[in-house]
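Each remark here refers to the structure printed beneath this line.
The values are calculated or read from the model by the stated rules, or taken from the named source; none is laboratory data. Since the model is a prediction, treat every value here as computed from it, not as a measurement. Cβ placement follows ideal geometry from the backbone for every residue including glycine, while neighbour counts extend to all protein chains displayed.
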Amino acid sequence: MQGFDLSSPQFSAKKMKKDYQEKREKMVKDQIEARGVRDSKILEAMRKVPRHLFVPWNMKSYAYHDEPLPIGEGQTISQPYIVAYMSEVLRLKGNERILEIGTGSGYQAAILAEAGKEVFTMEIVKSLSLRAEKVLKKLEYENIYFKVGDGTYGWKEHAPYDAIMVTAAPVAVPEALREQLKVTGRMIVPVGSAFQELVLVIREKKKFKEKKLLPVRFVPLISTH
Ligand code: SAH
């Protein structure tokens, strides 16, 4: 896919992590802390992960703006605040096995990999998965695992998960994802079509507790059945 230049000799993980540090600090302060995100692990991750490497090169100057951006294939990288908000809601302590549906650019996976133990991320569009994997490997993440496929069915081999994040909107919470959630585990998922809401699902011993959090707009979860 065009637009991303990871082969450049200037692409050293160390250097790229330092670039745009000031813009990241400002993004966290003005967009994320200002709106009430308090989890220090998440704030730290948002300060650290070089978001500009996850967007097409001609979008780099917008990477730290308060908005979602196109990443190709008709898909988008979410607004920074939404990434932080959804991550915080999972209440990660650092030792979690996390499932993400909708790898997209790989940016959200990086944030989750900073805050939890390991991330299993699924993407239905192969070219996006490959590109995300390339960026995340360059940044030396070793706790992120990739799979191309329909996330509606989850990734059973590694279940159960302490946390699940869905970053494309299904019309209802997928049953397989409920089943792959650990007891006491938390799942955050945008549900709906024209109107969508972020739903937090908490698995209790015998039932699932659900809480609607806020209205959002995500690309639809593509269904293969
Ligand atoms: N988390 C991403 C943003 C995701 S955009 C990031 O940080 O950049 C939503 C993504 O979900 C798109 O890349 C889309 O291709 C993917 N997607 C849509 N339907 C899917 C499905 N059924 N299974 C897995 N991925 C899917």
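For the reader, a short list of remarks on this structure follows.
- Top-ranked residue in the stretch 104-142 [being basic (Lys, Arg) and in a helix (DSSP H, G or I); ranked as nearest to Ser78 (Cα to Cα)]: Arg131
Residues are listed down the side, and each one gets a yes or a no for (1) assigned to a helix (DSSP H, G or I); (2) under 21 Å from the mean Cα position of the chain (by Cα); (3) modelled with pLDDT of 65 or more:
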{"position": "Gln2", "(1), (2), (3)": "no, no, no"}
{"position": "Ser7", "(1), (2), (3)": "no, no, no"}
{"position": "Met16", "(1), (2), (3)": "yes, yes, yes"}
{"position": "Glu22", "(1), (2), (3)": "yes, no, yes"}
{"position": "Glu25", "(1), (2), (3)": "yes, yes, yes"}
{"position": "Ile32", "(1), (2), (3)": "yes, yes, yes"}
{"position": "Gly36", "(1), (2), (3)": "no, yes, yes"}
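- Note on the stretch 63-103: residues that are assigned to a helix (DSSP H, G or I) and not hydrophobic (A, V, I, L, M, F, W, C) amount to 5.
- All positions within the stretch 119-164 that are closer than 26 Å to Tyr64 by Cα, touching a Leu at 6+ places or on another chain (Cβ under 9 Å) and more than 13 Å from the ligand (Cβ to nearest atom): Lys134, Lys138, Leu139
- Residue satisfying condition, being closer than 23 Å to Ser105 by Cα, hydrophobic (A, V, I, L, M, F, W, C) and either away from the ligand (no atom under 16 Å from the Cβ) or outside any loop (DSSP other than H, G, I, E, B) (or both), within set Val199, Val183: Val199
- Single residue of Glu179, Glu157, Glu175, Glu140 found to be touching a helix residue (DSSP H, G or I) at 6+ places or on another chain (Cβ under 7 Å) and surrounded by fewer than 16 Cβ atoms within 10 Å (Cβ to Cβ): Glu140
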